[in-house]
Amino acid sequence: QSGERADLVVSVHPLCQALPLKILNSLDTNGASRKEGRTTPFVTVVTDLGGAHPTWFNAGVDKCFVPSTVLREAAMRRGVKDEQIVQYGLPIRRGFWRFGADYSQSPTVENEAEEMKGVHHKPTIRDQLGLLDIPTVLIVGGGDGMGGIVSQAKAVGEKLQALASKRGDKDGPV
């Protein structure tokens, strides 16, 4: 054992709150308590967007990063105080920031503003993806599964086809 300790513990999984907090309490108090005495900062980063398992939220954390108002409210219902909650959106890796951007080099503070241009500009994104004049739907499922994703995608496709037929598009949606 090296004797080195963590500067910070970050949890990104709903089952990694209660037990790690107890372990940190024990480590930080040299085994005197599993309930209090923790000095190592502990934060949770909730990676679910709209719904989250209750185990994501533990009042013992220093900070709980949530992506939405819905999950801020869920955290508060589970006893996490408002001052512990940081509503920040979903953490995503840099490669998703801008379609087609070159992220082969290490980022710098100086070029971050340039990289962010057009990130949230829907017409620019649709143009880059070739989706200017067609209805677009994104269907995703998370770690908990979504169930019936294939049938849902088919139903959406059929609805889009029916709407295209009503408009008189001979080719329908792409």
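The largest accessible area among Ser11, Ser165, Ser26 belongs to the first residue in Ser165, Ser26, Ser11, and the rest follow in falling order (1.4 Å probe, all chains). Given a 1.4 Å probe and the protein chains as shown, Glu36 ends up with an accessible area of around 130 Å². Taking the charge dipole of segment 1-61 about its Cα centre, with +1 at Lys and Arg Cβ atoms and -1 at Asp and Glu Cβ atoms, the residue from His13, Val46, Gly31 reaching farthest to the positive side is Gly31.
Classified by the C-alpha gyration tensor, segment 2-100 has an oblate form. Its axis ratio a/c, with a ≥ b ≥ c, is 1.5 or above, and a/b does not exceed b/c. On a per residue basis, segment 9-97 carries 59 Å² of accessible surface, using protein heavy atoms and a 1.4 Å probe. Simple spin-label estimate for Asn30 and Arg77 gives 4.4 nm between the two label positions (7 Å along the Cα-to-Cβ direction from each Cα). Remark on Cys64: its backbone amide H falls under 5 Å from those of Thr44, Ile85, Val86, a criterion applied only to residues 5 or more positions apart or on other chains, H modelled at 1.01 Å from N.
The fraction of accessible area contributed by carbon and sulfur in segment 1-89 is 54 percent, rounded to a whole number (1.4 Å probe; ligands and nucleic acids excluded).
The values are calculated or read from the model by the stated rules, or taken from the named source; none is laboratory data. Model, not experiment: these values are computed from the prediction. Using ideal geometry, Cβ is built from the backbone for each residue, glycine included, and neighbour counts are taken over all protein chains shown. The protein model used for the area step is the full one, side chains on, heavy atoms only, and it has no ligands, DNA or RNA in it. Shrake-Rupley method; radii C 1.70, N 1.55, O 1.52, S 1.80 Å.
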